[in-house]
Amino acid sequence: MRLPAVATVLLLSSAGCVKEISSDERLDRETEFLQARGTPDAAALGKVHCDDTGDALNQARNVNRPETDRVMSYIELYSSLLKRKATFDEAMTRNPDLNYTEGSQKLVAARDNCIQQAADVKVEFETYVRELVSVPTVQEIKGGNTVTVARLDFNTLRQAIDTLNPEDKEQLLARVLTTEKQVAPAGGDDEPAPRKRGK
């Protein structure tokens, strides 16, 4: 007999709680939950920017570096820009007041800059990756013989395609796999002998 009585009390008290919570209180709870999940406020968001990409971009563009390293530089830079852009988008979506508070113009400008930087780097990065997929091999002289080798590590090239996630991603990955079966692995960080690009 005691168990049903306890259950009844619990049901009544829980039903009463639901009725007592106003929409404002529900909003406050949701806001606290979002803040607990780490959504940055205006001060924290003010420290996020995309003005520091120059050095990383120069490393990615440096034709004297091994191509695997160049691709990794593009992957890291582009991923970083996307992460910073997502931080702005998430914060401003969850807290629309960030668009209108004091100093909001700087936040909006910083977000717009991240969007533009990410778009610009993506164009450059994707152009380079598509070139590597189209011409993935070089010819090197080894032991007096000309051999066809990969321009870069194919796993890194696959990672780049995954990061860019273009519409024809599966076709690009298939082309990489076909080439991988036909050539020797990339020659590491050492500078190769004078070489001609393969077809």
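The values are calculated or read from the model by the stated rules, or taken from the named source; none is laboratory data. As the structure is a prediction and not an experimental result, all values here were calculated from the model. As a convention, Cβ positions derive from the backbone with ideal geometry for all residues, glycine included, and neighbour counts pool all protein chains shown. Surface areas here come from the heavy atoms of the whole protein model, side chains and all, with no ligands, DNA or RNA. Shrake-Rupley method; radii C 1.70, N 1.55, O 1.52, S 1.80 Å.
Here are some notes:
- Filter result for the condition that a residue is touching a residue at least 60 places away in the same chain (Cβ under 8 Å), under 16 Å from Ser79 (Cβ atoms) and not basic (Lys, Arg), over Leu132, Leu152, Leu164: Leu164
- Criterion (among the small types (Gly, Ala, Ser), in contact with a helix residue (DSSP H, G or I) (Cβ under 8 Å, 6 or more places away or on another chain) and part of a helix (DSSP H, G or I)) met by exactly one of Ala43, Ala91: Ala91
- Leu77 vs. criteria open to solvent by 50 Å² or more (accessible area, probe 1.4 Å), assigned to a helix (DSSP H, G or I) and either closer than 22 Å to Asn155 by Cα or without any contact (Cβ under 8 Å) to a residue 12 or more places away in the chain (or both): no
- Among the residues making up the range 165-183, those that are at pLDDT 95 or above and open to solvent by less than 70 Å² (accessible area, probe 1.4 Å) are Pro166, Asp168, Lys169, Leu172, Leu173, Ala174, Val176.
- Candidate set: the range 117-151, residues that are hydrophobic (A, V, I, L, M, F, W, C) and within 22 Å of Asp55 (Cα to Cα); chosen: the one most open to solvent (accessible area, probe 1.4 Å): Val123
- Hey, Ala160 under 15 Å from the mean Cα position of the chain (by Cα) and crowded, with 20+ Cβ neighbours inside 10 Å or not: yes
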